[in-house]
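Q: Below is one structure. I have some questions about it.
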Amino acid sequence: MTKIYDWIVIGAGITGSALAYELSKLGLEILLLDQSTDGDRATHYSYGGVHWYGTSGDRGTLFHEGKARHEQLSNELGMDTEFRAVEFLFTVDPGQDVEYTIAAYQQMSDPFQMLTPQEACEIEPLLNPEAIVSAFTLQQAQVNPILLNQAYQQATIRQGGVMEIGEVQELGKELDRSYHIRTSEDSYQAKNVVVCAGGWTRQLLKQAGIDIPIYFTHAELVEIVNTDKRLSNFIIPSQTQLYQLETYSSRPELEFLWDEPGHELAPAIVDTGAVQFLGGRLLLGQLSRTVTDPQAQINPQRSEKEIRQKVGQILPSLAQEAGTWHSCLVAFVHQNFAIMGAIPKREGLYVFSGFTAPITLVPAIAPRFARQLIGTPDPLLSPFIL
Ligand SMILES: Cc1cc2nc3c(=O)[nH]c(=O)nc-3n(C[C@H](O)[C@H](O)[C@H](O)COP(=O)(O)OP(=O)(O)OC[C@H]3O[C@@H](n4cnc5c(N)ncnc54)[C@H](O)[C@@H]3O)c2cc1C
């Protein structure tokens, strides 16, 4: 007889892996399904930044709770996630409104330290002092997102959860009221299904006739695995453009274009950053586009050149290092931090996706959402509920 799971979680990136773990911790029978063992999932290419600066109110509670969860996750999950304090270094480039940027950072209650270009180069010798007019630093944290994801998956399996590989092609509900999930290889049954498919969430639900306001960027970066160079800080621009790109591209009047392939809804942006993990792996990026086709063909040579050229302005020696271009899809929602909850008129079908800052927030929100799924409503989640 076919096994009927309590929950099938579709997508084994950070959102699906953490939620599968939290559901299995509650004693539920879980199947975590993914189309690939590793692949080009966004979690694999994440910088792993864990941050809580500039947050307050209920959201601040969730950000701080995320940080606190990370502090004990290696112990709880039984695997080192390489969570550690790191200095975030925010660069201010000459094209920016410097007064405005300084005022914005000083307005936050966090103790940012403002640096001249020379002072910034003393703590980060790879920086080009000519390319910045100022910098800010603040201690936040970083985790290795690949290890974090594996840790959640292995702990889920230890708790009795099952993980299978297969591309979900159909989400169908049968007369017996259970969900029948068909993949390229097999089919599975569950009482409930939660879609955590990152940038593919929109397409997967659309194929099932479900419209949810969730979108995706094509993110591109350069990965360097063999290098003697050592970056001391987590380098990010003081004014990132990603949020503006997402907000602009997900305006209600553009909604219909998301269902037609071939549109680029705004010019691509590059948020010039660089991070390094313990062990030396470096990521340079990040170029983001809102192209409406998840399978859109991107010109890797042109993108890599652009990323290297932009990163090369502030970190010239890093941009010369041999590396590999990658791209992945990253889910987002319009002017919110996530979308989650029951899909209307589809009893037993849920979504948990579209996170901003998932590396910080998901470890805090996944246990809350798991408890909500078994009947304990959580007021802190209400702003994100579908
Ligand atoms: C360069 C870069 C840097 C970033 N830095 C940070 C950072 O510092 N801090 C931070 O918080 N966030 C960061 N992010 C964002 C963050 O990494 C992502 O938003 C997050 O990892 C997404 O997780 P996810 O589970 O939603 O998606 P994914 O990791 O993409 O996982 C989705 C999974 O669903 C599977 N899937 C999709 N469709 C199907 C299907 N039909 N059947 C079966 N499986 C399917 C995919 O194979 C995939 O494994 C960064 C992103 C990028 C690209």
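Q: Looking at His180 and the list (1) within 16 Å of the ligand (Cβ to nearest atom); (2) farther than 30 Å from Ile269 by Cβ; (3) assigned to a loop (DSSP other than H, G, I, E, B), which single condition is not satisfied?
A: (3)
Q: I would also like to ask the following. Could you please find all residues in the range 54-67 being of a type in the set (Ser, Thr, Tyr) and either within 13 Å of the ligand (Cβ to nearest atom) or touching a helix residue (DSSP H, G or I) at 6+ places or on another chain (Cβ under 6 Å) (or both)? Full working, then the answer.
A: The initial filter retains those residues of the range 54-67 that are of a type in the set (Ser, Thr, Tyr), namely 55-56, 61.
Listed by number, the list holds a single entry, Thr55.
Q: Suppose we filter the range 311-332 for residues that are over 15 Å from Pro129 (Cα atoms) and either touching a strand residue (DSSP E or B) at 6+ places or on another chain (Cβ under 9 Å) or surrounded by 17 or more Cβ atoms within 10 Å (Cβ to Cβ) (or both); how many remain? Quick ask: steps written out before the conclusion?
A: Keep residues of the range 311-332 that are over 15 Å from Pro129 (Cα atoms), which gives 319-332.
With the extra rule that they be either touching a strand residue (DSSP E or B) at 6+ places or on another chain (Cβ under 9 Å) or surrounded by 17 or more Cβ atoms within 10 Å (Cβ to Cβ) (or both), the set shrinks to 319, 321-332.
Result for the range 311-332: 13.
Q: Let me ask another. For the range 1-48, which residues satisfy the criterion of being within 14 Å of the ligand (Cβ to nearest atom), among the aromatic types (Phe, Trp, Tyr) and out of contact with any His (no Cβ under 8 Å at 6 or more places or on another chain)?
A: Tyr21, Tyr47, listed by residue number.
Q: Checking the conditions here, which among Gly199, Gly166 is touching a Pro at 6+ places or on another chain (Cβ under 9 Å) and not assigned by TED's automatic domain parsing to the domain that holds Gly285?
A: Working: Gly166 fails: touching a Pro at 6+ places or on another chain (Cβ under 9 Å).
Only one candidate passes the filter, namely Gly199.
Q: Considering only the range 25-47, state which residues are in contact with a Ser or Thr (Cβ under 9 Å, 6 or more places away or on another chain) and more than 18 Å from Ile165 (Cβ to Cβ).
A: Lys25, Tyr45
Q: Suppose the filter is farther than 30 Å from Leu315 by Cβ and part of a strand (DSSP E or B); does Met163 pass it? It would help to see each step written out before you state the result.
A: On the way: farther than 30 Å from Leu315 by Cβ: yes; part of a strand (DSSP E or B): yes.
It is true that Met163 is farther than 30 Å from Leu315 by Cβ and part of a strand (DSSP E or B).
Q: Of (1) outside the structural domain of Ile224 (by TED's automatic domain parsing); (2) within 12 Å of the ligand (Cβ to nearest atom), Leu287 satisfies all except one. Which?
A: That leaves (1) as the condition not met.
Q: For the range 193-223, what are the residues that are over 20 Å from the mean Cα position of the chain (by Cα) and buried (at least 21 other Cβ atoms within 10 Å of the Cβ)?
A: So the first thing to find is which residues in the range 193-223 are over 20 Å from the mean Cα position of the chain (by Cα), and the list is 193, 206-211.
Within the range 193-223, just Val193 meets the criteria.
Q: For the range 225-235, check the following and say yes or no: at least one residue is buried (at least 21 other Cβ atoms within 10 Å of the Cβ), farther than 30 Å from Gln107 by Cβ and either within 14 Å of the ligand (Cβ to nearest atom) or aliphatic (A, V, I, L, M) (or both).
A: Within the range 225-235, none of the residues are buried (at least 21 other Cβ atoms within 10 Å of the Cβ), farther than 30 Å from Gln107 by Cβ and either within 14 Å of the ligand (Cβ to nearest atom) or aliphatic (A, V, I, L, M) (or both).
For every residue, the table says whether it meets (1) in the same structural domain as Gln320 (by TED's automatic domain parsing); (2) in contact with a strand residue (DSSP E or B) (Cβ under 6 Å, 6 or more places away or on another chain); (3) among the aromatic types (Phe, Trp, Tyr); (4) under 30 Å from Pro379 (Cα atoms).
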residue: Trp52; (1), (2), (3), (4): no, no, yes, yes
residue: His70; (1), (2), (3), (4): no, yes, no, yes
residue: Glu76; (1), (2), (3), (4): no, no, no, yes
residue: Val92; (1), (2), (3), (4): yes, yes, no, no
residue: Thr101; (1), (2), (3), (4): yes, yes, no, no
residue: Ser109; (1), (2), (3), (4): yes, no, no, yes
residue: Asn128; (1), (2), (3), (4): yes, no, no, no
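Q: Pick from the range 57-67 the residues that are free of Cβ contacts under 8 Å to residues at least 24 places away in the same chain and open to solvent by 40 Å² or more (accessible area, probe 1.4 Å): which of them is nearest to Phe136 (Cα to Cα)? Walk me through how you get there before you give the answer.
A: First, pick out the residues of the range 57-67 that are free of Cβ contacts under 8 Å to residues at least 24 places away in the same chain: 57, 60, 64.
Next, from what is left, pick out any that are open to solvent by 40 Å² or more (accessible area, probe 1.4 Å): 57, 64.
Working: Gly57: 24, His64: 21 Å.
So, considering only residues that are free of Cβ contacts under 8 Å to residues at least 24 places away in the same chain and open to solvent by 40 Å² or more (accessible area, probe 1.4 Å), the one nearest to Phe136 (Cα to Cα) is His64.
The values are calculated or read from the model by the stated rules, or taken from the named source; none is laboratory data. Owing to the predicted nature of the structure, the values given are computational and were not obtained by experimental measurement. With ideal geometry, Cβ positions are generated from the backbone for all residues, glycine too; neighbour counts draw on all protein chains shown. Just so you know, the surface numbers come from the protein's heavy atoms only, side chains and all, with ligands and any DNA or RNA stripped out. Shrake-Rupley method; radii C 1.70, N 1.55, O 1.52, S 1.80 Å.
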